[in-house]
Amino acid sequence: MVEIKNPAADDTDDELREFNEQLTSFIASLQINHRVLLACDEPLIRQTFLEMLAEQNILADVACNCDEAEELLARGSYTAALLDRELPGERAAQMLSQLKSRPAPVEVLVILRQCTTEMAIQILKQDAYDYLPWPLPSLAMTTAKIKGALAQADFDARIQQVMGFLTDLCKTHLEKLDSRKKREKIAQVENLLFSKSAGDSQTIIVLGPPTMANLARSLGYTVHAEIDPGRTLVRVSDPTSAVLVYVPQAGWPTLEEMAQATRRINPDVGLLLVGQENQIEEMIKAIGVGPGDYIVRPLEGREFFPVRLERLLRKQRRIFRYRRILESLKKLNLQLGGLKELGSDAG
């Protein structure tokens with residue numbers, strides 16, 4: 001990674017520490033108002049989800065067809081949507097891509113009244129947060145998925161606001177420079193943004209049955225198969241490791257324990273957790289908003305492994321992109337003018 005050098009290294013460390021503290025305070029002060037769009041024409045399904053959302057104190061607006069959904073989207077802002085795949089209207093098939101392409105993308109949970117493996121995989125490939133089979137397999141699993149979608153939406157909204165804030169601050173500083181110095185600073189940021197990082201790795205570690213490791217190899221990835229959790233954590237520390245696939249066996253750490261240990265050693269590693277239906281809440285909590293995904297057995301078979309893994313890697317690349325942008329903007333702002341503007345605007 002290209003380093004922006006500053007001769008006053010100690011001063012820079014102190015400034016960066018102060019900058020990070022004030023930036024953390026700014027992020028905490030952001031108000032993210034969650035509102036969910038529920039687009040479904042079936043009364044029983046609508047009522048079930050409205051009651052679930054109300055129990056979580058989540059506000060929701062209801063649309064019974066595509067026209068109503070588009071009207072609500074034109075008037076308001078939503079962090080998440082529960083979208084019935086069979087929503088009436090000519091543009092129903094495009095509704096998912098429309099939600100994901102908004103300036104502030106919406107996390108979408110797609111309700112599948114007739115849930116087949118092919119249909120669920122198609123929804124995941126279209127970048128929905130997840131799918132919800134109807135009838136619901138369990139209220140706990142559905143609630144966990146809704147909470148996970150809202151947590152992800154909250155994370156993305158905060159990151160986008162922070163990047164916007166730092167970009168505006170950067171522009172303010174750049175306006176004070178002559179054109180040559182401005183070009184130099186922008187070039188330094190571009191070098192940071194496009195340099196290679198651990199996020200470009202494609203090495204997969206599989207702690208679980210050999211069949212899972214063989215499946216990952218068949219997809220063209222470099223795979224390290226492990227059968228010992230302790231040795232696995234040693235391998236996880238390697239910066240070239242991209243993803244840990246964990247299928248717990250008797251006597252091994254729980255899903256949450258393994259996730260926490262992995263994040264402590266290498267927070268950049270993506271987690272693909274494989275568990276039972278009654279472990280869905282534990283898996284979503286263990287993954288948090290970091291790079292990760294899950295496979296729920298027995299509802300999801302080996303057909304789901306490729307799409308879940310590819311989604312995880314896409315999310316991992318997005319998080320690395322966020323980090324590069326944030327670190328680049330922080331370093332540039334530190335070089336350009338200090339913290340006065342951040343302190344005055346963060347309140």
>> Looking at the stretch 38-83 only, could you name the residues that are out of contact with any Leu (no Cβ under 6 Å at 6 or more places or on another chain), surrounded by 12 or more Cβ atoms within 10 Å (Cβ to Cβ) and touching a residue at least 40 places away in the same chain (Cβ under 8 Å)?
In response: CYS40, ASP41, GLU42, ILE45, THR48, MET52, LEU53, GLN56, ILE58, SER77, THR79, LEU83
> Quick one: how many residues across the stretch 282-306 are over 16 Å from LYS145 (Cβ atoms), within 16 Å of the chain's Cα centre (by Cα) and in contact (Cβ under 8 Å) with a residue 60 or more places away in the chain?
Replying inline: 0
> Which number in (1) surrounded by fewer than 18 Cβ atoms within 10 Å (Cβ to Cβ); (2) touching a helix residue (DSSP H, G or I) at 6+ places or on another chain (Cβ under 8 Å); (3) at pLDDT 80 or above marks the one condition that GLU341 misses?
Replying inline: (3)
> Only one of (1) crowded, with 16+ Cβ neighbours inside 10 Å; (2) outside any strand (DSSP E or B); (3) not charged (D, E, K, R) fails for ILE111. Which number is that?
Replying inline: (2)
> Among the numbered criteria (1) over 19 Å from ALA153 (Cα atoms); (2) assigned to a helix (DSSP H, G or I); (3) not β-branched (Val, Ile, Thr), which single criterion is violated by LEU53?
Replying inline: (1)
> THR117 passes all but one of (1) surrounded by fewer than 16 Cβ atoms within 10 Å (Cβ to Cβ); (2) closer than 19 Å to ILE58 by Cα; (3) touching an Asp or Glu at 6+ places or on another chain (Cβ under 6 Å); which number fails?
Replying inline: (2)
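To keep it simple, each residue is scored yes or no on (1) farther than 25 Å from GLU282 by Cα; (2) of a type outside the set (Gly, Ala, Ser); (3) not assigned by TED's automatic domain parsing to the domain that holds LEU83.
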residue	(1), (2), (3)
MET95	yes, yes, no
GLN98	yes, yes, no
ARG102	yes, yes, no
PRO105	yes, yes, no
VAL108	no, yes, no
GLN114	yes, yes, no
ALA120	no, no, no
LYS125	no, yes, no
TYR131	no, yes, no
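Any idea which of ILE45, ILE27 is in a helix (DSSP H, G or I) and modelled with pLDDT of 95 or more? So that I can check it myself, show each step before the final result.
Working: ILE27 fails: modelled with pLDDT of 95 or more.
Just one listed residue meets the conditions, ILE45.
Find the residue count for the stretch 121-137, including only residues that are among the aliphatic types (A, V, I, L, M), surrounded by 22 or more Cβ atoms within 10 Å (Cβ to Cβ) and not in a loop (DSSP other than H, G, I, E, B). Let's see the steps before the verdict.
The first filter runs over the stretch 121-137 and keeps only residues among the aliphatic types (A, V, I, L, M), leaving 121, 123-124, 128, 132, 136.
Filter once more, so that each one left must be surrounded by 22 or more Cβ atoms within 10 Å (Cβ to Cβ): 123, 128, 132.
With not in a loop (DSSP other than H, G, I, E, B) added as a condition, the list becomes 123, 132.
Residues flagged as among the aliphatic types (A, V, I, L, M), surrounded by 22 or more Cβ atoms within 10 Å (Cβ to Cβ) and not in a loop (DSSP other than H, G, I, E, B) within the stretch 121-137 amount to 2.
Assess whether THR167 counts as being in a helix (DSSP H, G or I), buried (at least 18 other Cβ atoms within 10 Å of the Cβ) and touching a Leu at 6+ places or on another chain (Cβ under 8 Å). Talk me through it step by step, then tell me what you get.
Numbers: in a helix (DSSP H, G or I): yes; buried (at least 18 other Cβ atoms within 10 Å of the Cβ): no; touching a Leu at 6+ places or on another chain (Cβ under 8 Å): yes.
No.
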> If you scan the stretch 56-106, which residues turn out to be more than 19 Å from ASP154 (Cα to Cα), charged (D, E, K, R) and not in a loop (DSSP other than H, G, I, E, B)?
Replying inline: ASP67, GLU68, GLU70, GLU71, ARG75, ASP84
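The values are calculated or read from the model by the stated rules, or taken from the named source; none is laboratory data. Here the structure is a predicted model, which is why all the values come from computation and not from measurement. Ideal geometry is used to build each Cβ from the backbone, glycine not excepted, and the neighbour counts take in all protein chains shown.
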